[in-house]
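The values are calculated or read from the model by the stated rules, or taken from the named source; none is laboratory data. Fair warning: this is a prediction, and the values are worked out from it, not measured in the lab. Backbone-built Cβ (ideal geometry, glycine too); neighbour counts: all protein chains shown.
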Amino acid sequence: MKIISVNIGKRKTISYKGKKVETGIFKYPTDKIELGEEHVVNDAIVDRKHHGGITRAVYAYAESHYNYWKKLYPEAPWRYGIFGENLTIDFFDETKINVGNQYKIGDAVVEVTEPRLPCSKLGLVFDDQKILKQFWNSTKSGVYFRVIKKGTIKTGDEVVLIREKKENYTIAEVYITTRIKKEL
């Protein structure tokens, strides 16, 4: 696996349904990122309840998922980081990634913690709130990481599995279970 893009965003205020909404979801590619203990340095985190912190310090999304969404949203403003991800990774399959897996990327080490649960901010990016249900009904959630070792990650870095936790649930299994609980 390889890093296709590293992305950060700035705090942005937009108008949505007559209200001002602040968000950091509008990410854009950059040369490199620095991982802090609880966040990506210089990346805006507006909603600290759902983003950032020990278990959600870095968000990764698979480039291989982009074509699926491009067919559904051909008019979207396509660029790496569109899903709010800090790391765009070439082939990253949530059905094969276990909670607790550890990866070395650049000189950082990260550990898989949980899937990303979609929120209305994703609908703002795509200018269509229908994407939330579509996102929920897929296993293309992306992955949150905790930072084990702070460091720098740049485009082109290899994503090297250094510890696999096959005995743990996959991100897709956790995501599906979470979705079912929310439906009940």
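Determine, yes or no, whether Leu132 is within 14 Å of Tyr61 (Cβ to Cβ), hydrophobic (A, V, I, L, M, F, W, C), in a helix (DSSP H, G or I) and touching a residue at least 12 places away in the same chain (Cβ under 8 Å). I'd like the intermediate steps shown before the answer.
Values: within 14 Å of Tyr61 (Cβ to Cβ): no; hydrophobic (A, V, I, L, M, F, W, C): yes; in a helix (DSSP H, G or I): yes; touching a residue at least 12 places away in the same chain (Cβ under 8 Å): yes.
The answer is no for Leu132.
Could you say which residue among Lys2, Lys70 is under 22 Å from Leu132 (Cα atoms) and of a type in the set (Lys, Arg)?
On the way: Lys2 fails: under 22 Å from Leu132 (Cα atoms).
Within the list Lys2, Lys70, the selection yields Lys70.
Please verify whether Phe83 is in contact with a Ser or Thr (Cβ under 7 Å, 6 or more places away or on another chain), closer than 23 Å to Gln134 by Cα and either surrounded by fewer than 17 Cβ atoms within 10 Å (Cβ to Cβ) or not basic (Lys, Arg) (or both), treating the condition exactly as stated. So that I can check it myself, show each step before the final result.
Numbers: in contact with a Ser or Thr (Cβ under 7 Å, 6 or more places away or on another chain): no; closer than 23 Å to Gln134 by Cα: yes; either surrounded by fewer than 17 Cβ atoms within 10 Å (Cβ to Cβ) or not basic (Lys, Arg) (or both): yes.
Answer is no for this residue.
Starting from residues that are within 14 Å of Lys10 (Cα to Cα), not in a loop (DSSP other than H, G, I, E, B) and not polar (S, T, N, Q), keep the ones in region 22-39 and report whichever is modelled with the lowest pLDDT.
Filtering region 22-39 for residues within 14 Å of Lys10 (Cα to Cα) gives 22-30, 33, 39.
Right, trim to not in a loop (DSSP other than H, G, I, E, B) and you get 22-23, 27-30, 33.
If we keep only those that are not polar (S, T, N, Q) as well, we get 22, 27-29, 33.
Values: Glu22: 92, Lys27: 96, Tyr28: 96, Pro29: 98, Ile33: 98.
If we take residues in region 22-39 being within 14 Å of Lys10 (Cα to Cα), not in a loop (DSSP other than H, G, I, E, B) and not polar (S, T, N, Q), then Glu22 is modelled with the lowest pLDDT.
Please state which one of Arg179, Arg163 is in contact (Cβ under 8 Å) with a residue 60 or more places away in the chain and over 23 Å from Pro29 (Cα atoms). Steps first, please.
Working: Arg179 fails: in contact (Cβ under 8 Å) with a residue 60 or more places away in the chain.
Answer to the selection: Arg163.
It is to be established whether one or more residues within region 111-129 are exposed (fewer than 15 other Cβ atoms within 10 Å of the Cβ), among the polar types (S, T, N, Q) and farther than 20 Å from Glu37 by Cα.
Yes, because at least one residue in region 111-129 is exposed (fewer than 15 other Cβ atoms within 10 Å of the Cβ), among the polar types (S, T, N, Q) and farther than 20 Å from Glu37 by Cα.
Could you please tell me which pairs satisfy a Cβ distance under 7 Å, a separation of 6+ or placement on different chains, a first residue in region 141-155 that is under 13 Å from Tyr103 (Cα atoms), and a second residue that is of a type in the set (Asp, Glu)?
Within 7 Å, the pairs are Val143/Glu94; Tyr144/Glu114; Phe145/Glu111; Arg146/Glu111; Val147/Glu37; Ile148/Glu111; Lys150/Glu37; Gly151/Asp107.
Wholly within region 41-106, which strands (runs of 3 or more DSSP E) include no fewer than the required count, namely at least 1 residues that are of a type in the set (Phe, Trp, Tyr), touching an Asp or Glu at 6+ places or on another chain (Cβ under 6 Å) and without any contact (Cβ under 8 Å) to a residue 24 or more places away in the chain?
On the way: elements: 58-62, 87-89, 102-105.
Fully inside region 41-106 and qualifying: nothing.
Any idea how many residues of region 40-81 are more than 10 Å from the chain's Cα centre (by Cα) and under 12 Å from Gly9 (Cα atoms)?
Of the residues in region 40-81, 8 are more than 10 Å from the chain's Cα centre (by Cα) and under 12 Å from Gly9 (Cα atoms).
If you check Phe145 against the conditions, is it in a loop (DSSP other than H, G, I, E, B), aromatic (Phe, Trp, Tyr), modelled with pLDDT of 95 or more and closer than 23 Å to Arg179 by Cβ?
Numbers: in a loop (DSSP other than H, G, I, E, B): no; aromatic (Phe, Trp, Tyr): yes; modelled with pLDDT of 95 or more: yes; closer than 23 Å to Arg179 by Cβ: yes.
Here the answer is no, as Phe145 does not meet what is asked.
Quickly run through region 114-162 and pick out the residues that are of a type in the set (A, V, I, L, M), in contact with a helix residue (DSSP H, G or I) (Cβ under 9 Å, 6 or more places away or on another chain) and farther than 20 Å from Gly52 by Cβ. Explain how you work it out, then say what you get.
Initially, region 114-162 is screened for residues of a type in the set (A, V, I, L, M), giving 117, 122, 124-125, 131-132, 143, 147-148, 153, 159-162.
Then drop every residue that is not in contact with a helix residue (DSSP H, G or I) (Cβ under 9 Å, 6 or more places away or on another chain), which leaves 117, 122, 125, 131-132, 143, 147.
Answer for region 114-162, where residues must be of a type in the set (A, V, I, L, M), in contact with a helix residue (DSSP H, G or I) (Cβ under 9 Å, 6 or more places away or on another chain) and farther than 20 Å from Gly52 by Cβ: Ile131, Leu132.
Just to be sure before I move on: is Ile105 closer than 20 Å to Arg163 by Cβ, at pLDDT 95 or above, more than 14 Å from the chain's Cα centre (by Cα) and surrounded by 22 or more Cβ atoms within 10 Å (Cβ to Cβ) in the structure I sent?
Yes: the conditions hold for Ile105.
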